[in-house]
1. Please give the number of the condition A:LEU204 fails out of (1) within 16 Å of A:ILE170 (Cβ to Cβ); (2) surrounded by 18 or more Cβ atoms within 10 Å (Cβ to Cβ).
2. Can you confirm whether D:MET203 is in contact with a Phe, Trp or Tyr (Cβ under 7 Å, 6 or more places away or on another chain), without any contact (Cβ under 8 Å) to a residue 12 or more places away in the chain and assigned by TED's automatic domain parsing to the domain that holds D:PHE242?
3. Please tell me if C:ALA111 is in contact (Cβ under 8 Å) with a residue 40 or more places away in the chain and in contact with a His (Cβ under 7 Å, 6 or more places away or on another chain).
4. Checking C:LYS74 against (1) more than 21 Å from the chain's Cα centre (by Cα); (2) surrounded by 17 or more Cβ atoms within 10 Å (Cβ to Cβ), which single condition isn't satisfied?
5. Tell me, please, whether a residue that is in contact (Cβ under 8 Å) with a residue 24 or more places away in the chain, under 25 Å from C:LEU246 (Cα atoms) and part of a helix (DSSP H, G or I) can be found in the range C:126-135.
6. Filter the range D:183-231 down to residues that are in a helix (DSSP H, G or I) and charged (D, E, K, R) and give me whichever is nearest to the other protein chains (Cβ to nearest Cβ).
7. Looking at B:PHE60, is it within 14 Å of chain C (Cβ to nearest Cβ), under 25 Å from the mean Cα position of the chain (by Cα), surrounded by 13 or more Cβ atoms within 10 Å (Cβ to Cβ) and more than 24 Å from B:VAL156 (Cα to Cα)?
8. Here is a check on your reading of the model: is C:ARG236 in a loop (DSSP other than H, G, I, E, B), touching a residue at least 60 places away in the same chain (Cβ under 8 Å) and not assigned by TED's automatic domain parsing to the domain that holds C:ASP112?
Protein chains: 4
Amino acid sequence: MPSSAKPAKAKIGVLGASGYTGSELVRLLLRHPHAELALLTADRRAGQEMRTVFPQFSPFQLPTLVSIEDTDWKKVKLDLAFCALPHATTQKVIADLLEKAPKTKVVDLSADFRLADTAAYAKWYGHEHHAPKLQREAVYGLVEVYREKIKKARLVANPGCYTSCAQLPITPLLKAKSIDPDEIVIDAKSGMTGAGRSAKEEMLFSEVSEGIHAYGVGHHRHMAELDQEFSLAAGRKVVVTFTPHLMPMNRGILSTIYVRGTRGKSPEDLHAVLFKFYAKEPFVHVLPFGQTPQTRHIRGSNMTFIGVARDRVPGRAIVVSALDNLVKGASGQAVQNMNMMLGYPETTGLEQVALFP
Amino acid sequence: MPSSAKPAKAKIGVLGASGYTGSELVRLLLRHPHAELALLTADRRAGQEMRTVFPQFSPFQLPTLVSIEDTDWKKVKLDLAFCALPHATTQKVIADLLEKAPKTKVVDLSADFRLADTAAYAKWYGHEHHAPKLQREAVYGLVEVYREKIKKARLVANPGCYTSCAQLPITPLLKAKSIDPDEIVIDAKSGMTGAGRSAKEEMLFSEVSEGIHAYGVGHHRHMAELDQEFSLAAGRKVVVTFTPHLMPMNRGILSTIYVRGTRGKSPEDLHAVLFKFYAKEPFVHVLPFGQTPQTRHIRGSNMTFIGVARDRVPGRAIVVSALDNLVKGASGQAVQNMNMMLGYPETTGLEQVALFP
Amino acid sequence: MPSSAKPAKAKIGVLGASGYTGSELVRLLLRHPHAELALLTADRRAGQEMRTVFPQFSPFQLPTLVSIEDTDWKKVKLDLAFCALPHATTQKVIADLLEKAPKTKVVDLSADFRLADTAAYAKWYGHEHHAPKLQREAVYGLVEVYREKIKKARLVANPGCYTSCAQLPITPLLKAKSIDPDEIVIDAKSGMTGAGRSAKEEMLFSEVSEGIHAYGVGHHRHMAELDQEFSLAAGRKVVVTFTPHLMPMNRGILSTIYVRGTRGKSPEDLHAVLFKFYAKEPFVHVLPFGQTPQTRHIRGSNMTFIGVARDRVPGRAIVVSALDNLVKGASGQAVQNMNMMLGYPETTGLEQVALFP
Amino acid sequence: MPSSAKPAKAKIGVLGASGYTGSELVRLLLRHPHAELALLTADRRAGQEMRTVFPQFSPFQLPTLVSIEDTDWKKVKLDLAFCALPHATTQKVIADLLEKAPKTKVVDLSADFRLADTAAYAKWYGHEHHAPKLQREAVYGLVEVYREKIKKARLVANPGCYTSCAQLPITPLLKAKSIDPDEIVIDAKSGMTGAGRSAKEEMLFSEVSEGIHAYGVGHHRHMAELDQEFSLAAGRKVVVTFTPHLMPMNRGILSTIYVRGTRGKSPEDLHAVLFKFYAKEPFVHVLPFGQTPQTRHIRGSNMTFIGVARDRVPGRAIVVSALDNLVKGASGQAVQNMNMMLGYPETTGLEQVALFP
């Protein structure tokens, strides 16, 4: 899959390389034929080598970690920067970067540019948006839905992991008006990397292993993103029930979604809508009717698996989707966006087969 | 908690001691002050010592395992037999036992006597009921609902683990007519011991760790039991949506249950119903409103934790329940039934505090 | 097991109740017939309820957590205090406690009083001993070795988890002069609770699951304790090779110990020494020759399992021991010490059978 | 890394594609630019699609599984066959294959051709060798040691996972006569995929999670392979102490190896030997002195990490090595052998970076 007219190598930066989405970007980009890892930042680990922070990179030569403050955006001349910083710290960083290096493209993995409505942002995140002007420019980066816009974008807001896992199966059904928008229940189970790498008591192995629990019941921030995208897809306001759970696995989200078909739409009809919608997509695979996916079978890959089964309650269907929260739910999706924005073939660097067992 | 008039020790048998519910019964009964473990059966392991099958019992003196065929029911004179055999093998065994030793009481942990309607049994289990007469005598053994009947019963059908976890929070709400019986969605996550100890490829560590999946989507056998008990509680036919999942932990079920309050019943109202219903129950604990439980906090104990939270969709609530499938979901519940049937204080032998972490 | 002459209930305090050894003490003492939990301290959580810090205690009435500073030792009049504080903070706390309430007995679970040689303490822990006078009074609390001294002690230093797991199999062999003291290699594998509950990046679930690693290679602090006890047992200086590993399980230590029999002592001879030494001990079980233990079979119990097998290298044997680091390796051992110090039967409150699976 | 003179694609067969080493071969070969997966066999699953046996392959077109009996070796004209069959079934299969298609090359992942001495084979495996003539032709396939022989071989015996993990650090030290061959203790910890995919009770999730145990103590079959290779390296008979353990992770072996330097060789000297030996090897990485590896940092990659640390016992060192038992310990090593045998660059298809977390 050559990329004829493009520069052989694009200069890439990863801001926030000491977290899990940062290291996952490095993992993928190390094997991307058109990426040159030119900049890695990690404020608290500045001056250290990546192999100290993530020993799996010991055999590789990588740039020394630097702080964002010490980075001269004009000088590094990045073709594209991935921003894997915590929520609420990102808007100012990107505004500054784009002011100084306006030709650099940006894929932001935080939630900072996902909500088009800055009032909704302020409500859910508890503070004013710091870059409302840039927000207008930002494109929501779910490639399967917004591919053409993404190709032309300078700033892409990479979707959240939970929302990706819910949108991929539900958005086509809402667009096709095949399900009732008022009866969607999303029960999501996530692996622990979704909670990040910060040292918190509730993330310790002994707190997390051998158990499962719901959290953010009734008030998780990803709801704002779901509302926005599902309302756009349905052409009306949609508010879904969504409960996230944390469970003892590293990677993966499984969303078990309970829906009701509209006006006689059977579970088989819903399956047909999804099967057709994704027939040519490289990273979404719809299983045969009645089969449902397991998270382990997409681990480490950029693939999403979707299954549809018949509920025994007439008119209702159960849709199950699975993806790796660090790949299709974050860094793989981000590389897919990069490929679109820089004109590389969509699957470049993302061909890795799932690691099972 | 003395048991004045009763015999100091009851002669107890465990049929099927080589499985997980069998070993869990032995664990509990070893420390039950009124239980004498007089008989342990395990057909395929007959002649072996329990410590060979379960090395945690190495320090204890226990009866050698025997086969059921070689057991003389008249001679062993059990006060009570726990039957922890696979589904569909139990009806004949118990019929034979009760014919030869009609004074022995029986707690059956299989599904064989749970469905009062033998036609429903035949439909869900694929063969005729082998002891329809005994079925009429069997009492469904959820102590919190059928305590008085259980005290007088000779044959008690111990509830299923999934159904216990769903009934304890939902039955009181249906009885109080506080929730809409037509909009109940139960999303259940179970640890692996729920799948038993038989050697199957899909239960291997490498198949199960690092992932989660739904199974029996739309057609799990526990549905029949849920239908029966929920319909009784509601006083009308109830068919719920129920999806079980398997996940990498040994013990525990978490049920996330989506309900709609009837006629203006708020989530707080539902919480109040449950709080009142369980105020004096030793083994069901309702958390403060808005808090939801974690399976790890009931591990190894006979406790059920229940939480109720407000959904952001008006009128809807999210009820979460957690229990240990091997204790309150099986063997602990069975000992609780035994205590009722033999006249011991309800909590005897079941006082163990949860093992966390 | 009644305790005739003793007070029905002893007033017990747990200092440091918000950590894992603290919660494990509470778990055990809640079911100890002679313990009244009169005081629970946790400086950072002072004012909170135990159920907030450890939800498994939600159904129980327990004292509100207080800070040590706010505790009036004269007023609370504890019969015995368990000290489950971090290393290096304990010496001053206990000195103060015993000055103000000299009749209170103390079981200290930290390393602060384990080394009789305060110079060795200073070397390994990097600061002077803060209570050298008390150190002279302290008794090393491995009941199986120092039972009689412990019965008369006011201050007992509870052994470390790794050292308990190594001493129980090796000390009798050194005492019997059955193994070469210069060729002992201890390869130990520990569950994560051994690393405590403090929020550190390297203890996060995603850092720890799906892997194993050695740490403290060549310089782990438990070595000082091993040196002291093994030298005492052998009657000469002993320096062993010891490598601890951390692995993804909550509880348990497995020590695989490589030894050489002295002057023709066969592996069977070593087994015989251990079998005889522990024949009447309630909490150490020696498996039949050739069998080796699994940590899961002692989980949650106060039991230690020991196995001895023949190496194929002539003259060498492989000794494997397993215990639960939070029970026999910490809090169970501490309660065993309490029973000795207060005159209760040794096994009181420690009868719980291992939780497997 | 183009392969100029070679055919663009080699026809490859995987015999035994329904096991873990089989599926791992498929995972790697799907992304190998010079491999065409022409044949997949799985006797018990013949007629099924690979996606049924391993759902992670659902998005891929792969040959339908066939039985070996139904395979016409002359017709399929494989360039190379990987044999991932159980031990003891392989000798006859390969003899038949090579008789009918003598130009096909074979990499055998079983133990059937690893022991040059057919008498040793008979002793350890309990039956006569079925292809002693072929045995003479077989080359032991540890590329780092036998690279040149492998390039010319028709039949390569892929090393065992435990032995690879021990040989890579120890063989260079024995060759350099830097360690005492009579004092090598190897304590190995393996993930569960090393035990294969056959349905056995002791491999169930609930039997294996939350614990660790040694097995085959004193008599594991990999010892024969260690004896052979270590004796060759040392130029004299070597018998090592080796204890394998099973622990709850999917992939990875950690070997903690206790050695004594010869004639004043310090731990730093041993480190220098290894560092130099592997300076140019693409798949073995020696960490800086004093650092030791974690299995998680090589997961999914073909990399081996080796560390050397100083023991506090004078003259002794602790060497720790880590590899993924399914990659460098089996299928990755096999593809590395294939690359050598067919003339492709050594790293082709094996560039994948480790998947952590």
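1. (1)
2. Working: in contact with a Phe, Trp or Tyr (Cβ under 7 Å, 6 or more places away or on another chain): yes; without any contact (Cβ under 8 Å) to a residue 12 or more places away in the chain: yes; assigned by TED's automatic domain parsing to the domain that holds D:PHE242: yes.
Yes: the conditions hold for D:MET203.
3. Details: in contact (Cβ under 8 Å) with a residue 40 or more places away in the chain: yes; in contact with a His (Cβ under 7 Å, 6 or more places away or on another chain): yes.
Considered against the rule, which asks whether it is in contact (Cβ under 8 Å) with a residue 40 or more places away in the chain and in contact with a His (Cβ under 7 Å, 6 or more places away or on another chain), C:ALA111 comes out as yes.
4. Just one mismatch for C:LYS74, condition (2).
5. For the range C:126-135, residues in contact (Cβ under 8 Å) with a residue 24 or more places away in the chain, under 25 Å from C:LEU246 (Cα atoms) and part of a helix (DSSP H, G or I): absent.
6. We begin by selecting, within the range D:183-231, every residue in a helix (DSSP H, G or I); these are D:192-195, D:201-203, D:205-208, D:222-231.
Pick out the ones that are also charged (D, E, K, R) and you get D:201-202, D:207, D:225, D:227, D:229.
Working: D:GLU201: 5, D:GLU202: 9, D:GLU207: 7, D:GLU225: 14, D:ASP227: 10, D:GLU229: 17 Å.
So the residue we want is D:GLU201.
7. On the way: within 14 Å of chain C (Cβ to nearest Cβ): yes; under 25 Å from the mean Cα position of the chain (by Cα): no; surrounded by 13 or more Cβ atoms within 10 Å (Cβ to Cβ): yes; more than 24 Å from B:VAL156 (Cα to Cα): yes.
No: the conditions fail for B:PHE60.
8. Numbers: in a loop (DSSP other than H, G, I, E, B): yes; touching a residue at least 60 places away in the same chain (Cβ under 8 Å): no; not assigned by TED's automatic domain parsing to the domain that holds C:ASP112: yes.
In short, no.
The values are calculated or read from the model by the stated rules, or taken from the named source; none is laboratory data. Bear in mind that the values here come from a model prediction, so they are computed numbers and not experimental data. Cβ atoms come from the backbone with ideal geometry, glycine included; neighbour counts cover every protein chain shown.
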